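Asker: The structure that follows is given in the form of structure tokens.
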Amino acid sequence: MSLEGKKILVGVTGGIAAYKIASFVRLLKKQGAEVRCMMTPASSDFITPLTLSTLSESPVGIEFYDSKTGEWTNHVEWALWADVMIFAPVTANSLAKMAHGFSDNFLMATYLSAKCPVFIAPAMDLDMYQHPTTKENLERLESFGYTIIPAESGFLASGLEGQGRMAEPEVLLQYLQDHFHKDERFEGKKVLITAGPTYEAIDPVRFIGNHSSGKMGFSLAEAVAAKGGEVILITGPSSLKTVHKNIQVIRVTSALQMLDAVQSNWDRADWGIFSSAVADYRPSIAADQKIKKTEENLHIDLEKNPDILSWASANKKGQKVVGFALETQNGLEYAQNKLEKKQLDAIVLNEMGEPGVGFGTDTNSVKLIFKSNKIRSFELQSKQELAFSLLNELMNNFV
């Protein structure tokens, strides 16, 4: 979910959570954003301006006037430069200043000059966070149209445990991505997505599986959520995680478990996107104990797994169904046959063999085929970018 070319102004106030801003700035730069940081004087006790200027590749704003260089920093210019301002962490003191218009430092003056969307991530001890004045200040700022990124629960610097921790850098990033990628057409949409492989047990130690990482499915889930939709993400074994509040993750292992999860949630969905690499067969009998190496050859009887995609298509109640086809040869022919045979609305053809395409990669190149036989090709790109491209094309054709 690229932020390429977006101008992000990061405001840092004097709380212990300021140390997290280094990671946040790196995430923003990795997404292609232009970043400037401004700091209160107190925040430099927790993280140095040199650190943030190095990571952001831009000078840090702290004071209006630099007596060493004789240069004046124009807070109005900084405010007008930004596409969005995000303040993190925001202490109780700075929160009160923002709510009531105090302007006693460069950061606050820049904030009062803002004409762009403003995001505020508070961080303080749990009693301060629950204090009536803090709640009132947060409500007041929210009434101005600003987005409050709620503090999380956990261990605090005081030694206590409770709500007050600044949201993690990945969560801050997610809020900004959602802001820039919001699509009104996805508001209220519920999308069921399957991702990753399935593992079919041979015994308690071994299984039949494949090399799917789940990256495409997780990217699709993040993209739907960023556009404003809700996601039911049913994933096979995968190390991937998501922090988005609009994504419900259901983790399964086998094809039978995945089918059960799909069946239990199908009536809630408007779309189904089936990107998982489900094992076609499973051992007829899974041994209770580890199979010992005794014979020269081991024979395992396999039986066919249920076809989850066909079940979803046969049980449509107005849902749109999108399948995936991973092929190594005659890809277009096989994908078109699968599209017709399973009565899908669209299918994504993934042809292995080219560099950067297939299981486990961060990039992909696919063809999207509709039941009208319309074909849209997507050149090699990151799976995150591809997810947005696919969703845009699907929405344009489904609505």
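The values are calculated or read from the model by the stated rules, or taken from the named source; none is laboratory data. Quantities reported herein were computed from a predicted structural model and do not represent experimental measurements. Virtual Cβ from ideal backbone geometry, glycine too; neighbours counted across all protein chains shown. Remember, those area values only see protein heavy atoms, side chains included, never the ligands or the DNA or RNA. Shrake-Rupley method; radii C 1.70, N 1.55, O 1.52, S 1.80 Å.
Asker: Does LEU141 meet the test of being out of contact with any helix residue (DSSP H, G or I) (no Cβ under 8 Å at 6 or more places or on another chain), modelled with pLDDT of 95 or more and either open to solvent by less than 10 Å² (accessible area, probe 1.4 Å) or not in a loop (DSSP other than H, G, I, E, B) (or both)? Steps first, please.
Answerer: On the way: out of contact with any helix residue (DSSP H, G or I) (no Cβ under 8 Å at 6 or more places or on another chain): no; modelled with pLDDT of 95 or more: yes; either open to solvent by less than 10 Å² (accessible area, probe 1.4 Å) or not in a loop (DSSP other than H, G, I, E, B) (or both): yes.
Here the answer is no, as LEU141 does not meet what is asked.
Asker: To continue, here is another question. Under 28 Å from the mean Cα position of the chain (by Cα) and touching a residue at least 60 places away in the same chain (Cβ under 8 Å): does that describe ASN396?
Answerer: Working: under 28 Å from the mean Cα position of the chain (by Cα): yes; touching a residue at least 60 places away in the same chain (Cβ under 8 Å): no.
Spelling it out, it is not the case that ASN396 is under 28 Å from the mean Cα position of the chain (by Cα) and touching a residue at least 60 places away in the same chain (Cβ under 8 Å).
Asker: So, one more: Here are some residues: SER212, SER153. Which one is buried (at least 18 other Cβ atoms within 10 Å of the Cβ), outside any helix (DSSP H, G or I) and in contact with a Gly (Cβ under 7 Å, 6 or more places away or on another chain)?
Answerer: On inspection, the qualifying residue turns out to be SER212.
Asker: Looking only at residues in the stretch 368-388 that are under 18 Å from GLU351 (Cα atoms) and hydroxyl-bearing (Ser, Thr, Tyr), which one is least open to solvent (accessible area, probe 1.4 Å)?
Answerer: Checking each candidate, the answer is SER382.
Asker: ASP301 fails exactly one of the following numbered conditions: (1) modelled with pLDDT of 90 or more; (2) open to solvent by 70 Å² or more (accessible area, probe 1.4 Å); (3) under 16 Å from MET216 (Cβ atoms). What is the number of that condition?
Answerer: That leaves (3) as the condition not met.
Asker: Ok, one more. Name the residue that is farthest from LEU173 (Cα to Cα), counting only residues in the stretch 17-45 that are modelled with pLDDT of 95 or more and assigned to a loop (DSSP other than H, G, I, E, B).
Answerer: Filtering the stretch 17-45 for residues that are modelled with pLDDT of 95 or more and assigned to a loop (DSSP other than H, G, I, E, B), the one farthest from LEU173 (Cα to Cα) comes out as THR40.
Asker: May I ask you to list the residues in the stretch 311-346 that are open to solvent by 40 Å² or more (accessible area, probe 1.4 Å) and of a type in the set (Gly, Ala, Ser)?
Answerer: Scanning the stretch 311-346 gives ALA314, GLY318.
Asker: On to the next question. Whether any residue in the stretch 218-237 is touching a residue at least 60 places away in the same chain (Cβ under 8 Å), touching a Lys or Arg at 6+ places or on another chain (Cβ under 8 Å), crowded, with 21+ Cβ neighbours inside 10 Å and acidic (Asp, Glu) is what I want to check.
Answerer: Start the filter on the stretch 218-237 by keeping residues that are touching a residue at least 60 places away in the same chain (Cβ under 8 Å), which leaves 219-220, 222-224, 226-227.
When the remaining residues are screened for being touching a Lys or Arg at 6+ places or on another chain (Cβ under 8 Å), the result is 219, 224, 226-227.
Applying the additional criterion that residues be crowded, with 21+ Cβ neighbours inside 10 Å yields 219, 224, 226-227.
Still in the running and acidic (Asp, Glu): none.
Scanning the stretch 218-237 turns up no residue that is touching a residue at least 60 places away in the same chain (Cβ under 8 Å), touching a Lys or Arg at 6+ places or on another chain (Cβ under 8 Å), crowded, with 21+ Cβ neighbours inside 10 Å and acidic (Asp, Glu).
Asker: Still on this structure, please answer the following. Is it the case, given these coordinates, that TYR129 is among the aromatic types (Phe, Trp, Tyr), out of contact with any Phe, Trp or Tyr (no Cβ under 9 Å at 6 or more places or on another chain) and buried (at least 18 other Cβ atoms within 10 Å of the Cβ)?
Answerer: Numbers: among the aromatic types (Phe, Trp, Tyr): yes; out of contact with any Phe, Trp or Tyr (no Cβ under 9 Å at 6 or more places or on another chain): yes; buried (at least 18 other Cβ atoms within 10 Å of the Cβ): yes.
Against the criterion (among the aromatic types (Phe, Trp, Tyr), out of contact with any Phe, Trp or Tyr (no Cβ under 9 Å at 6 or more places or on another chain) and buried (at least 18 other Cβ atoms within 10 Å of the Cβ)), TYR129 qualifies.
Asker: Do you know which of the residues in the stretch 46-85 that are touching a Gly at 6+ places or on another chain (Cβ under 7 Å) and closer than 24 Å to ILE149 by Cα is most open to solvent (accessible area, probe 1.4 Å)? Spell out how you get there, then give the answer.
Answerer: First pass over the stretch 46-85, keeping only residues touching a Gly at 6+ places or on another chain (Cβ under 7 Å): 46, 73, 78, 85.
Restricting the remaining residues to those that are closer than 24 Å to ILE149 by Cα gives 46, 78, 85.
Values: PHE46: 88, TRP78: 23, MET85: 0 Å².
In this case the residue turns out to be PHE46.
Asker: Read through the list (1) closer than 30 Å to ALA387 by Cβ; (2) open to solvent by less than 40 Å² (accessible area, probe 1.4 Å), then give the number of the only condition that GLU34 fails.
Answerer: Single failed check for GLU34: (2).
Asker: Restricting attention to the stretch 105-117, which residues are outside any helix (DSSP H, G or I) and closer than 13 Å to SER94 by Cβ? Talk me through it step by step, then tell me what you get.
Answerer: Taking the stretch 105-117 and keeping what is outside any helix (DSSP H, G or I), we get 105, 113-117.
Selection gives ASN105 alone.
Asker: Among the residues of the stretch 169-209, write down those that are acidic (Asp, Glu) and either in contact with a His (Cβ under 8 Å, 6 or more places away or on another chain) or open to solvent by less than 60 Å² (accessible area, probe 1.4 Å) (or both). Write out each step before concluding.
Answerer: Initial filter on the stretch 169-209 (acidic (Asp, Glu)): 170, 178, 183-184, 187, 200, 203.
Hits for the stretch 169-209 are ASP178, ASP183, GLU200, ASP203.
Asker: Take the stretch 118-138 and flag every residue that is in a helix (DSSP H, G or I), among the charged types (D, E, K, R) and closer than 17 Å to ALA157 by Cα.
Answerer: If we filter the stretch 118-138 for residues that are in a helix (DSSP H, G or I), which is where we start, we get 126-130, 132-138.
Then keep just the ones that are among the charged types (D, E, K, R); that gives 127, 135-136.
Result: ASP127, single match.
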